[in-house]
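See structure below.
No lab work stands behind these numbers, since they all come straight from the coordinates. Note that the structure is a prediction, hence the values are computed from the model and not measured. Backbone-built Cβ (ideal geometry, glycine too); neighbour counts: all protein chains shown.
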């Protein structure tokens, strides 16, 4: 398999997962059609599309893709806000297309119907889990989002995390404030800074990296708990309470 993040819009990635021959690919969250058209014109024929949630910067390219390839299978969450020309999937189902099989995981929080796709050592998680961060809770609760992130974090540590945006450096700025003594975070920041300086994506990361450095997967860290207590004037009562406070802090954070 060949995995490539195709830059789109200002900071999105469209993930292209090609077969061993490099002739057919799954495309994940096509925010716009142009990068997919360019890949196809270079010889990479679309075999299917996976959608994680209904936001326009993740599904905007689907209509023109279906105009060019009317029979293209498009899989997405069971949500009326996603265009009708696709196959709806829910938690616990599997997606089988062109020789690939992915488990569908319901991960509400960013949106109520958000799904992730896990298979072949890959996790396509949209805007639920980011490198060194997580998505805003536009529709879900802190309990839902924390449960979704905990479920993703329980996948094998070598799983490659393929999220929807290039947010690593911005997330690192916040992570350094809440857990400045974390050596894994310092290493990840150095690595990501060098990657971006060379024009390379910081993704995919691995779940092992995220468990070691992502504050939203580390709400039990004593240093993070101390930072939250100092920020809000009281200690969190639980892991969910700590997560909710951390997300509120991040929502208003400016580097």
| said: Tell me the residue from 174, 216 that is touching a residue at least 12 places away in the same chain (Cβ under 8 Å), surrounded by 17 or more Cβ atoms within 10 Å (Cβ to Cβ), under 22 Å from the mean Cα position of the chain (by Cα) and closer than 16 Å to residue 142 by Cβ, please. | reply: 216
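If you go through the range 120-155, how many residues are on the phi > 0 side of the Ramachandran plot and surrounded by fewer than 20 Cβ atoms within 10 Å (Cβ to Cβ)? Lay out the reasoning, then the answer.
First, the residues of the range 120-155 that are on the phi > 0 side of the Ramachandran plot: 120-121, 126, 132.
Checking the rest, the ones that are also surrounded by fewer than 20 Cβ atoms within 10 Å (Cβ to Cβ) come to 120-121.
Within the range 120-155, residues that are on the phi > 0 side of the Ramachandran plot and surrounded by fewer than 20 Cβ atoms within 10 Å (Cβ to Cβ) number 2.
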| Which members of the range 200-224 meet the condition of being assigned to a helix (DSSP H, G or I) and closer than 10 Å to residue 179 by Cβ? | 213, 215, 222, 223, 224
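Per-residue answers, yes or no, for (1) more than 16 Å from residue 127 (Cα to Cα); (2) more than 17 Å from the chain's Cα centre (by Cα); (3) surrounded by 14 or more Cβ atoms within 10 Å (Cβ to Cβ):
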| position | (1), (2), (3) |
| --- | --- |
| 11 | no, no, no |
| 15 | no, no, yes |
| 35 | yes, yes, yes |
| 43 | yes, yes, no |
| 65 | yes, yes, yes |
| 69 | yes, yes, yes |
| 101 | yes, yes, no |
| 106 | no, no, yes |
| task | Scan the range 118-149 for residues that are touching a residue at least 60 places away in the same chain (Cβ under 8 Å), outside any strand (DSSP E or B) and touching a helix residue (DSSP H, G or I) at 6+ places or on another chain (Cβ under 9 Å) and report the count. | result | 11
| task | Specify the residue that is nearest to residue 114 (Cα to Cα); the eligible residues are those in the range 158-169 that are without any contact (Cβ under 8 Å) to a residue 60 or more places away in the chain and in contact with a strand residue (DSSP E or B) (Cβ under 7 Å, 6 or more places away or on another chain). | result | 161
